[in-house]
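Trainee: Dumping the structure here so I can ask a few things about it.
The values are calculated or read from the model by the stated rules, or taken from the named source; none is laboratory data. Nothing here was measured: the structure is a model prediction, and the numbers come from that model. Cβ coordinates were reconstructed from backbone atoms using ideal geometry, including for glycine residues, and neighbour counts include every protein chain displayed. Side chains included, ligands, DNA and RNA excluded: accessible areas come from the protein's heavy atoms. Shrake-Rupley method; radii C 1.70, N 1.55, O 1.52, S 1.80 Å.
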Amino acid sequence: MLNMQTVGETMIVSLDRDLDMVEAKNFKDTVDTFLLLNPQIKILQIDLADVSFIDSSGLGAIIGRYKNISLRQGSLVITNASDNVRRILEMAGLKKLLETKKAKKEVL
Amino acid sequence: MKDNYVKLTFAAIGENVATSRMVLSSLLAGYDLSLSALDELKIALSEAVSNSIIHGYGEDASQMVTVEFTIADDILTLAVIDQGVGIADIKQAMEPTFSTRPEHMGLGFVFMDSFMDSLEVTSTLGHGTTVLMKRNLKSEQLFNADAV
Ligand SMILES: Nc1ncnc2c1ncn2[C@@H]1O[C@H](COP(=O)(O)OP(=O)(O)O)[C@@H](O)[C@H]1O
Ligand SMILES: [Mg+2]
């Protein structure tokens, strides 16, 4: 299931299902409701460690949340994407949202 | 590998996009495909089935989508068939980023086209849409064997 955690201004959403039209909608609804109720959130971190599949519905949901968080001058970062998922995100032009290896080390 | 044919008909609900991917995965289990090749095939199927459910039927659960999986001479053919609203302008629909819905990427046909060897779309307004896609599975295996 979709798991949420907040640390200060950061909201971490961990997904663990195929990010297709069903999970994309679930993700979108949950995050949008939470963001609406929590105006202090400025960073949306999407953890894809347990996601092995994404299609264009999943991409649409991520880009939509990116637009929403940008509207409040916030940012979005995608962490721990598998090779397959990373490849699709890059094909869709979302490379800039993927955490770099360096950033990951700094966090740890 | 043995030739095979499976015809799957299911209600037009989002949950069945995963159902169709599962059937595809198990049909391909005997092929030593790379993870990325399998992923590409699953995405292409996912896109076509999602389109039938979302655009063809507006997620009307009483409607049915059919997927025909054919493996013949190591060529996979996927036919995704709906009797939904149909597509007015197929050429326009297939253009990258074209979508008739907000917050949709317009990447479905782009993925189907780039991940399959061939893609054919036939559609009649008010009668439905058929998406026919093929990919050679043998060339993937040879490619893998070379890579190892
Ligand atoms: N099975 C279908 N029935 C009706 N319209 C469809 C179907 N498949 C695709 N379309 C139309 O083609 C457009 C482009 O499809 P696609 O490339 O998958 O992008 P998206 O699904 O993000 O809109 C859709 O917005 C829709 O108007
Ligand atoms: Mg689509």
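Trainee: May I ask you to give the average projected area over all directions of the convex hull of the Cα atoms of the protein assembly as shown, in nm² rounded to one decimal?
Mentor: The orientation-averaged projected area of the Cα hull of the protein assembly as shown comes to 14.8 nm².
Trainee: Modelled label-to-label distance, A:Gln73 and B:Ser26, 7 Å Cα→beta-carbon offset: nm?
Mentor: For A:Gln73 paired with B:Ser26, the spin-label model returns 5.4 nm.
Trainee: Would you work out what percent of the accessible area of the range B:4-138, with all protein chains in place, is carbon or sulfur (probe 1.4 Å)?
Mentor: 54 percent
Trainee: Also, quick follow-up: When the helix-only estimate is applied to the protein assembly as shown (DSSP H runs of n ≥ 4, each -39,500 (n - 2.57), divided by the residue count), what is the mean residue ellipticity at 222 nm, nearest 500 deg cm²/dmol?
Mentor: Mean residue ellipticity, 222 nm, calculated: -12000 deg cm²/dmol.
Trainee: Computed from the mean reciprocal separation of all distinct C-alpha pairs, what Kirkwood hydrodynamic radius does chain A have, in Å?
Mentor: 13.8 Å
Trainee: Tell me, what is the per residue accessible area of chain A in Å², probe radius 1.4 Å?
Mentor: Using a 1.4 Å probe on heavy atoms only, each residue of chain A averages 51 Å².
Trainee: Provide the buried accessible surface between chains A and B in square angstrom, both chains summed, 1.4 Å probe, rounded to the nearest 100.
Mentor: Approximately 1700 Å² gets buried when A meets B.
Trainee: One quarter of the convex hull surface, Cα atoms only: what value does that give for chain B in nm²?
Mentor: Directional mean of the projected Cα hull area for chain B stands at 8.6 nm².
Trainee: How large a share of the accessible area of the range A:2-106, in percent, is made up of carbon and sulfur atoms when the probe is 1.4 Å and the other protein chains stay in place?
Mentor: Taking all protein chains in place, the range A:2-106 shows 52 percent carbon and sulfur surface.
Trainee: Using the Cα centre as the reference, give the magnitude of the dipole from point charges on the C-beta atoms of chain B (Lys, Arg: +1; Asp, Glu: -1; all else neutral), rounded to the nearest 20 debye.
Mentor: 200 debye
Trainee: So which residue, out of A:Asn38, A:Asn26, A:Asn68, gets the largest mean-square fluctuation from a GNM of chain A using Cα contacts under 10 Å as springs?
Mentor: Maximum fluctuation in the GNM of chain A, among the listed residues, is at A:Asn38.
Trainee: Which of the peptides A:39-52, B:52-65, B:95-108, B:2-15 is most tightly packed, and how do the rest follow, judged by the mean count of other Cβ atoms within 10 Å per residue?
Mentor: B:52-65, A:39-52, B:95-108, B:2-15
Trainee: Still on this model: Give me, ordered by chain and number, the residues 5 or more places off A:Leu98 or on other chains with an amide H under 5 Å from its own placed amide H.
Mentor: For A:Leu98, whose amide H was placed from the backbone, the distant partners under 5 Å are A:Ile78.
Trainee: Still on this structure, I have one more. Count of lysine pairs in the range B:4-138 with Cα atoms under 22 Å apart, counting only pairs 8 or more residues apart in sequence or on different chains?
Mentor: Close lysine pairs found across the range B:4-138: 5.
Trainee: Convert each backbone phi in the range B:131-137 into a coupling constant with the Karplus relation 6.51 cos²θ - 1.76 cosθ + 1.60 (shift: θ = phi - 60°), then list the ³J(HN,Hα) values in order as whole Hz, x for Gly and Pro.
Mentor: Result, rounded to whole Hz: 10, 10, 10, 10, 8, 6, 7.
Trainee: Sticking with the crude label model, points 7 Å out along Cα→Cβ, report the distance from B:Glu15 to A:Asp50 in nm, one decimal please.
Mentor: Distance between the two pseudo-spin positions: 2.0 nm.
Trainee: Within the set of other residues whose C-beta is less than 14 Å from the C-beta of B:Glu95, count the net charge using Lys and Arg as +1 and Asp and Glu as -1.
Mentor: Net charge around B:Glu95: -1.
Trainee: Residues of the range B:71-112 losing 10 Å² or more of accessible area relative to the isolated chain, 1.4 Å probe, heavy atoms only?
Mentor: For the range B:71-112, once contacts with the other chains are taken into account, B:Glu103, B:Met105, B:Leu107, B:Phe111 lose 10 Å² or more.
Trainee: Summing Lys, Arg as +1 and Asp, Glu as -1, what charge do residues with Cβ under 13 Å from the Cβ of A:Ser52 carry, A:Ser52 excluded?
Mentor: That works out to -3.
Trainee: Once each part is reduced to its C-alpha centroid, what is the distance from the range B:52-117 to the range A:17-65 in angstrom?
Mentor: Cα centres, the range B:52-117 to the range A:17-65: 23 Å.
Trainee: Search the structure for amide H atoms under 5 Å from the amide H of B:Ile75, placed 1.01 Å from N in the peptide plane, and list their residues when 5 or more places away or on another chain.
Mentor: Amide H neighbours of B:Ile75, under 5 Å, 5+ apart: B:Leu137.
Trainee: Between B:Phe98 and B:Ser36, what length comes free when the chain is fully extended (0.36 nm per residue of separation minus the Cα-Cα distance, one decimal in nm)?
Mentor: Extra length from B:Phe98 to B:Ser36 when fully extended: 19.7 nm.
Trainee: Tilt of helix B:15-27 relative to the longest C-alpha principal axis of chain B, in degrees (0 to 90, nearest 10)?
Mentor: 20 degrees
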